[in-house]
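Below: one structure, written as structure tokens.
The values are calculated or read from the model by the stated rules, or taken from the named source; none is laboratory data. These numbers come from a predicted model, not from an experiment. Here the Cβ is made from the backbone with ideal geometry for all residues, glycine too, and neighbour counts use every protein chain on show.
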Amino acid sequence: MNAIYDFSILTGGIHERLSGLMSPTAVMITEMVIIGTLLIVFVALMGLVLVLAERKVAAFFQLRLGPNRVGPWGSLQTLADFLKLLTKELITTKSADKFLYNLAPFIVMLTPFLALGVIPFAPGLQIMDMNIGVFFITAVSSMGVLGILIGGWASNNKYSLIGGMRSAAMVVSYELSVTLAIMTMVIMTESLSLSEIIASQSDGWWIIKGHIPALIAFLLYLTASTAETNRGPFDLAEAESELTAGFHTEYGGIKFAFFFLSEFVNMLVVASIATILFFGGWMPFHLPFEWAVGFNHIMDFIPGIVWGFGKVTFVIFLMMWFRWTFPRLRIDQILNLEWKYLLPMNLVNFLLMALIALSGFYL
Amino acid sequence: MSTIIAYFKGIGQGLNTLWTGMKVTGYYFFHARKEIITMQYPDNRDTLKIPERFRGRVVMLHDQNNEHACNGCTMCEMACPNGSIKIITDKILNPETGKAVRIIDKHIYHFSMCTLCNLCVQACPSNALAMDNSYENSVYDRSELTFVLNQPGSKIRDNVKD
Ligand code: SF4
Ligand code: SF4
């Protein structure tokens, strides 16, 4: 890896500058404020970009043009929408449980923020390198459904309640598959730290090195995580045609924007984890052979941040492709899919991976 | 045993159909540039092509001699589900036979009530009616939406049967 692309030089430099200026406690507080602000800006920007991308991609899948009036190719459309949402009046419905109703959007929004905290996007570009990063993310991402459930319950509206309940039933079941698929890969990586997982792929991505079980795990993870983010074809928590807008029917203005944004940032988180586990995160494309040294070296010249975001974009595109191709499933079909297909397959795949890891039959 | 085979067959078929769907949408996505069907209407007004079967509004067909094929049989009036058509007939004497013949006086058409269902066009036994391709049909007053479909001074074509 080329050292010039390492962000830790930049962050380390800033840290030294600040340490020269003030006491360690003040340095810590300042850094926390800076990182928090950057994270909020990053999430807001990614939200705008992803919503626009979703709308454009959806339009092309349906042979439409998509937004094309505000700014060149409609690039400012989501910004305009966002400003509109900001200026709207915040209404709390009369029969809603005020406290929970107002709390729900924040819980929903908290999840992607916490998860983004441990994800490395480029060498050195990681807020916190936990040694149990994978575990932390799996734990935190199950909090999102809490927000949805609270929102659906507190709205005191039948559509919201049904949406929230459906979401709970679905996410609780699919969480198993997501975690098992992740665990399958952890057998290979032998570490729970996200940066070490990436480092273990310096001689080739796991989807290539781990062959068939890794491929199956990737497909299972992709399916289950699409369901976990409540995206189509598993979007029956919102199901416009049946439930108006599902759990966020009663939300408006910026509170609605929180729900909306969290869906997209969750997609980013899920895609980042898929990238890290299967495609080596920011790790350039390397081949695990003797003769490929020159090739590997050329790949190193593309910065890690390009690799990282490129692969995330690819996974997000796959998820959008699913969403705009497949019809929405019914609740019983969704639960059937999880308990009768994904979960058994995951368990078998888990064993298979363990056997392969034991026999050393991987590259 | 057969259930086990059915289980795996189901998985295979499911994946296969999903992939078929993804191929279709994927083709559209990567060929969006030439396949896009959106018309950016006010911008492309000069080059806009309206499809032939587009239903703009009901018209009565007249030939170059200002003759139409309507004999006032009121079939269209009866066919219309919302009563958008009112036929006012007249009687004239046929000079050859000396009998009274029914002719159309006014074929009144209320565009404001019409749902463009095409039933009147299909009901007409002498094919006197048709749909035209007009658009931009909005006006400022409701009264402007009532048309008399037979043109002033027009008369029925000779070869039309009673
Ligand atoms: S198109 Fe339908 S609604 Fe319109 S005048 Fe004819 S029959 Fe009536
Ligand atoms: S338009 Fe056709 S259906 Fe209507 S009165 Fe004339 S001939 Fe009869």
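Structural remarks
- Search result, residues across region B:1-23 that are of a type outside the set (A, V, I, L, M, F, W, C) and facing chain A (nearest Cβ under 9 Å): B:Tyr7, B:Gly10, B:Gly14, B:Gly21
- Exactly one residue out of B:Asn71, B:Asn66 is touching a residue at least 24 places away in the same chain (Cβ under 8 Å) and away from ligand 2 (no atom under 14 Å from the Cβ), and it is B:Asn66.
- Hits in region B:74-92 (condition: near ligand 2 (Cβ under 9 Å from one of its atoms) and on the phi > 0 side of the Ramachandran plot): B:Thr74
- Identification of helices (runs of 4 or more DSSP H) wholly contained in region A:163-247 with 3 or more residues that are touching a Pro at 6+ places or on another chain (Cβ under 7 Å) and buried (at least 17 other Cβ atoms within 10 Å of the Cβ) yields A:194-199.
- Flag for B:Ile92 being under 17 Å from B:Cys124 (Cα atoms), in the same structural domain as B:Leu149 (by TED's automatic domain parsing) and among the β-branched types (Val, Ile, Thr): no
- Count - residues of region B:120-134 that are within 10 Å of ligand 1 (Cβ to nearest atom) and surrounded by fewer than 15 Cβ atoms within 10 Å (Cβ to Cβ): 1
- For region B:72-112, a residue qualifies if it is closer than 12 Å to B:Asn150 by Cβ, more than 10 Å from ligand 1 (Cβ to nearest atom) and buried (at least 17 other Cβ atoms within 10 Å of the Cβ), and the qualifying residues are B:Gly72, B:Ile87, B:Ile104, B:His107.
- Here B:Val148 does not fit the description of being of a type outside the set (Gly, Ala, Ser), modelled with pLDDT of 85 or more and within 12 Å of ligand 1 (Cβ to nearest atom).
- Pairs, first in contact (Cβ under 8 Å) with a residue 60 or more places away in the chain and at the interface with another protein chain (Cβ under 8 Å from one of its Cβ atoms) in region A:56-69, second part of a helix (DSSP H, G or I) and among the polar types (S, T, N, Q), C-beta under 8 Å, six or more apart: A:Phe61/B:Thr25
- Of all the listed residues (A:Leu39, A:Leu50, A:Leu83, A:Leu45), the sole one being closer than 23 Å to A:Ile119 by Cα and exposed (fewer than 14 other Cβ atoms within 10 Å of the Cβ) is A:Leu45.
- Number of the exception - B:Ala123 against (1) within 29 Å of B:Lys49 (Cβ to Cβ); (2) under 16 Å from the mean Cα position of the chain (by Cα): (1)
- So A:Lys94, is it away from chain B (no Cβ under 14 Å), without any contact (Cβ under 8 Å) to a residue 24 or more places away in the chain and not in a helix (DSSP H, G or I): yes
- Some residue of region B:24-44 being away from every other protein chain (no Cβ under 14 Å) and among the acidic types (Asp, Glu): no
- Which listed residue is in contact with a Gly (Cβ under 8 Å, 6 or more places away or on another chain) and not in a loop (DSSP other than H, G, I, E, B), from B:Ile87, B:Ile92: B:Ile87
- Criterion applied to A:Leu18, A:Leu76, A:Leu48, A:Leu38 was being among the hydrophobic types (A, V, I, L, M, F, W, C), in contact with an Asp or Glu (Cβ under 8 Å, 6 or more places away or on another chain) and away from chain B (no Cβ under 14 Å), and the one residue passing it is A:Leu18.
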